[in-house]
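Participant: What follows is a structure written as structure tokens; I'll ask about it next.
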Amino acid sequence: MTGFRHPLALALLAATLPVPTQADPIIQTRFTADPAPIVHDGVVYLYTSHDEDDADGFRMLDWRLYSSTDMANWTDRGTVASLRTFPWANQTNDAWAPQVVARNGKFYLYAPITVAGSPRNVIAVAVADSPAGPFRDALGKPLIAPGEGFFDPTVWIDSAGQAYLYWGNPDLWYVRLNPDMVSYSGPVTKGQPRLTDYQEGPWFYGRNGHYYMAFASTCCSEGIGYAMSERPTGPWTYKGPIMDHDSRATGNHPGIIDYKGGSYLFGFSYDLNFALTPIHHERRSVSVAKFSYNADGTIPNLHWWDRTSAPQIGTLDPYRRVEAETIAWTSRIKRDRDRPYAWTPGVTTAGDGNGAVYVTRTGDRSYIKVAGVDFGAGARAFRARIAKGTPGATIELRLDRTDGPEIGTLPVGDAGAWREKTAAVSAARGVHDLYLIFRGGDAASLVDVDSWQFDAMPRGAKA
């Protein structure tokens, strides 16, 4: 879920919030929160909760998935589960902070939802054969029965094969899961007296003989703190902040992984909400930062998203099919008559009902940035699979900036059903950020784009 819930406190805090420094949230096509990353077969799969665009307080109906192999470009994989996955639960709200764990070729999604009555918080479990889902209800009932503050589940499987499920606000609870991952043995156990600075959103994992419990620190505002133990069930020793309490965020939720030789902290801020309005809404945005553990296994204080980041790992190959929903950044180019802004909604994504995702809401001046594209010795053509094109609209291709060198333009034409269109390109060599800029008319969406790909120059030819 994670975030404070008292409306008066939220209103008072929002009134004092400064205009934020841009923290470059990694997803801009939707409001996302509660990041839950896993690494599988060399890919980072990032599961998130999803704040609806019209949310004032918490309005959350589904869970979404994004993936990356370079920590800069994130591919929207769509909705992998929703409240409809659990038809016995409240269907109008409360799809809060999830986590997914892999075991024996299956993927288990632990989701906090609500049911009728009081207390209403329960934890459900769904299962899938692929990290991309679809997930199906594993039990037809809660895994963890109703309890006050029973949400924000986190799971880790230790080196002996024992899986532990933790959760809770403001207390920390746990059970030992059975190998089937959908039942547990022994009692629901309340952890030691409340951890220093602990509020909610626990993230439990083991690394190099240490066990870690990261968490959203005491509200309000919430930072990210952590504790360590030599045993998976504690006792836990508070170690300090990973991110400071910061007035720019009433809530938080950590997710921590190792990937390709680096360590990464995920969390969220309200930067995109405050880029649009001074009013506090529960419309959050996930960010990520790279860090290094200290020699004794402790974690440094990263302070806040405006002081840390995650650099791109490697480059993107443009000579293979690239899903159009692979995005490092999207916004809209401002006009002379527009006031300055750090961000405004650019493109978004949609699903075709069969699991495929594509880019839409491609209004005039909206753009997609794809980071670190390696054109090598040069490209000669650009191909895109498009639909619902507007006559006169184009996709302008530029390097490094929205006003950078133009390497080609794809006329959209009057495209109806999905079709591939091609345009010649030139002067695309080496590694650059690629900008796809949509131009033409007043339509809310000029064209839908499913995928794109460049054709390389023939060997020995000059770009």
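The values are calculated or read from the model by the stated rules, or taken from the named source; none is laboratory data. Being a predicted model, the structure only gives us computed values, none of them experimental. Positions of Cβ are generated from backbone atoms using ideal geometry, with glycine treated the same way; all protein chains shown enter the neighbour counts. Note: accessible area is taken over every heavy atom of the protein model, side chains too, but ligands, DNA and RNA are not part of it. Shrake-Rupley method; radii C 1.70, N 1.55, O 1.52, S 1.80 Å.
Participant: Exactly one of these conditions fails for ALA289: (1) more than 24 Å from GLY206 (Cβ to Cβ); (2) among the small types (Gly, Ala, Ser); (3) in contact with a helix residue (DSSP H, G or I) (Cβ under 8 Å, 6 or more places away or on another chain). Give me its number.
Facilitator: All conditions are met except number (1).
Participant: Also, I was wondering about something else. For residues in the stretch 58-74 being in a loop (DSSP other than H, G, I, E, B) and of a type in the set (A, V, I, L, M), which is least open to solvent (accessible area, probe 1.4 Å)? Explain how you work it out, then say what you get.
Facilitator: Initial filter on the stretch 58-74 (in a loop (DSSP other than H, G, I, E, B)): 58-59, 69-73.
Then drop every residue that is not of a type in the set (A, V, I, L, M), which leaves 71-72.
Values: MET71: 4, ALA72: 21 Å².
Here the residue is MET71.
Participant: Okay, moving on. Name the pairs whose Cβ atoms lie under 7 Å apart, with the first residue in the stretch 36-60 and touching a residue at least 40 places away in the same chain (Cβ under 8 Å) and farther than 20 Å from LEU265 by Cα, the second part of a loop (DSSP other than H, G, I, E, B) and hydrophobic (A, V, I, L, M, F, W, C), and 6 or more positions between them or separate chains?
Facilitator: So the pair list comes out as PHE58/MET1; MET60/ALA95; MET60/TRP96.
Participant: I would also like to ask the following. Under the condition of being touching a residue at least 40 places away in the same chain (Cβ under 8 Å) and surrounded by fewer than 19 Cβ atoms within 10 Å (Cβ to Cβ), which residue from the stretch 263-279 is nearest to TRP343 (Cα to Cα)?
Facilitator: Of all residues in the stretch 263-279, those touching a residue at least 40 places away in the same chain (Cβ under 8 Å) come to 264-276, 278-279.
Right, trim to surrounded by fewer than 19 Cβ atoms within 10 Å (Cβ to Cβ) and you get 276, 278-279.
Details: LEU276: 8, PRO278: 14, ILE279: 16 Å.
Ranking the candidates gives LEU276 first.
Participant: Might you let me know whether the stretch 321-330 holds any residue that is of a type outside the set (Val, Ile, Thr) and more than 21 Å from LEU65 (Cβ to Cβ)? Explain how you work it out, then say what you get.
Facilitator: So the first thing to find is which residues in the stretch 321-330 are of a type outside the set (Val, Ile, Thr), and the list is 321, 323-325, 328-329.
If we keep only those that are more than 21 Å from LEU65 (Cβ to Cβ) as well, we get none.
Checking the stretch 321-330: not a single residue is of a type outside the set (Val, Ile, Thr) and more than 21 Å from LEU65 (Cβ to Cβ).
Rundown of residues vs (1) touching a strand residue (DSSP E or B) at 6+ places or on another chain (Cβ under 7 Å); (2) touching a residue at least 12 places away in the same chain (Cβ under 8 Å); (3) farther than 27 Å from GLY57 by Cβ; (4) open to solvent by less than 10 Å² (accessible area, probe 1.4 Å), yes/no style:
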site	(1), (2), (3), (4)
ARG284	yes, yes, no, yes
LYS290	yes, yes, yes, no
ASN294	no, no, yes, no
ALA310	yes, yes, yes, no
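Participant: Sticking with this one: Can you find a residue in the stretch 144-151 that is among the acidic types (Asp, Glu), assigned to a loop (DSSP other than H, G, I, E, B) and within 30 Å of ASN208 (Cα to Cα)? Please lay out each step first, then the result.
Facilitator: Restricting attention to the stretch 144-151, the residues satisfying the condition of being among the acidic types (Asp, Glu) are 148.
Imposing the further condition that a residue be assigned to a loop (DSSP other than H, G, I, E, B) reduces the set to 148.
Subsequent filtering for residues that are within 30 Å of ASN208 (Cα to Cα) retains none.
Within the stretch 144-151, not a single residue is among the acidic types (Asp, Glu), assigned to a loop (DSSP other than H, G, I, E, B) and within 30 Å of ASN208 (Cα to Cα).
Participant: Across the stretch 75-134, which residue is surrounded by the most Cβ atoms within 10 Å (Cβ to Cβ) among those that are among the polar types (S, T, N, Q) and part of a strand (DSSP E or B)? It would help to see each step written out before you state the result.
Facilitator: Of the stretch 75-134, the ones among the polar types (S, T, N, Q) are 75, 79, 82, 85, 90-93, 99, 104, 114, 118, 121, 130.
Within this subset, residues satisfying the condition of being part of a strand (DSSP E or B) are 75, 79, 82, 99, 114, 121.
Numbers: THR75: 20, THR79: 19, SER82: 18, GLN99: 27, THR114: 20, ASN121: 25.
Only one residue tops the list, namely GLN99.
Participant: Out of LYS260, LYS239, I need the residue that is open to solvent by 30 Å² or more (accessible area, probe 1.4 Å), at pLDDT 95 or above and under 30 Å from GLN28 (Cα atoms). Which one? First the steps, then the outcome.
Facilitator: On the way: LYS239 fails: under 30 Å from GLN28 (Cα atoms).
Exactly one residue qualifies, and that residue is LYS260.
Participant: Let me ask you something else. Among the residues of the stretch 355-375, write down those that are of a type in the set (A, V, I, L, M) and more than 14 Å from LEU397 (Cα to Cα). Give the derivation first.
Facilitator: Initially, the stretch 355-375 is screened for residues of a type in the set (A, V, I, L, M), giving 356-357, 359, 368, 370-371, 373.
Matches in the stretch 355-375: ALA356, VAL357, VAL359.
Participant: Which residues, taken from the stretch 148-157, are under 23 Å from ALA89 (Cα atoms), surrounded by 18 or more Cβ atoms within 10 Å (Cβ to Cβ) and of a type outside the set (D, E, K, R)? Explain how you work it out, then say what you get.
Facilitator: Going through the stretch 148-157, the residues under 23 Å from ALA89 (Cα atoms) turn out to be 148-155.
Those left that are additionally surrounded by 18 or more Cβ atoms within 10 Å (Cβ to Cβ): 150-155.
Selection gives PHE150, PHE151, PRO153, THR154, VAL155.
Participant: If I ask for residues that are under 25 Å from the mean Cα position of the chain (by Cα) and under 24 Å from ARG84 (Cα atoms), which ones from the stretch 144-193 would you list?
Facilitator: Passing the criteria: GLY149, PHE150, PHE151, ASP152, PRO153, THR154, VAL155, LEU165, TRP167, GLY168, MET181.
Participant: Now, a different point. Looking only at strands (runs of 3 or more DSSP E) that lie completely in the stretch 345-435, which have at least 3 residues being touching a Cys at 6+ places or on another chain (Cβ under 7 Å), touching a residue at least 24 places away in the same chain (Cβ under 8 Å) and surrounded by 21 or more Cβ atoms within 10 Å (Cβ to Cβ)?
Facilitator: none
Participant: Can you pull out the residues in the stretch 5-57 that are assigned to a loop (DSSP other than H, G, I, E, B), surrounded by fewer than 20 Cβ atoms within 10 Å (Cβ to Cβ) and modelled with pLDDT under 55?
Facilitator: Within the stretch 5-57, ARG5, HIS6, LEU17, PRO18, VAL19, THR21, GLN22 meet the criteria.
Participant: Given the conditions (1) touching a Phe, Trp or Tyr at 6+ places or on another chain (Cβ under 7 Å); (2) closer than 23 Å to ARG120 by Cα, report the number of the one that VAL44 does not fulfil.
Facilitator: Only one criterion in (1) touching a Phe, Trp or Tyr at 6+ places or on another chain (Cβ under 7 Å); (2) closer than 23 Å to ARG120 by Cα is unmet by VAL44, namely (2).
Participant: What number of residues in the stretch 315-342 are within 23 Å of the chain's Cα centre (by Cα) and at pLDDT 95 or above?
Facilitator: 15
Participant: Being aromatic (Phe, Trp, Tyr) and open to solvent by 60 Å² or more (accessible area, probe 1.4 Å) is the filter here, so list the residues in the stretch 158-193 that pass it.
Facilitator: So in the stretch 158-193, the residues aromatic (Phe, Trp, Tyr) come out as 164, 166-167, 173-174, 184.
Within the stretch 158-193, TYR184 is the sole residue that qualifies.
Participant: Right, here's the next one. Within the stretch 172-201, can you find the residues that are of a type in the set (Lys, Arg) and within 25 Å of ALA102 (Cα to Cα)?
Facilitator: Restricting attention to the stretch 172-201, the residues satisfying the condition of being of a type in the set (Lys, Arg) are 176, 190, 194.
Hit for the stretch 172-201 is ARG176, nothing else.
Participant: Can you tell me which residue among ALA216, ALA249 is among the small types (Gly, Ala, Ser) and either surrounded by fewer than 23 Cβ atoms within 10 Å (Cβ to Cβ) or without any contact (Cβ under 8 Å) to a residue 60 or more places away in the chain (or both)? Give the steps one after another, and end with the answer.
Facilitator: Numbers: ALA216 fails: either surrounded by fewer than 23 Cβ atoms within 10 Å (Cβ to Cβ) or without any contact (Cβ under 8 Å) to a residue 60 or more places away in the chain (or both).
Just a single option satisfies the conditions, and that option is ALA249.
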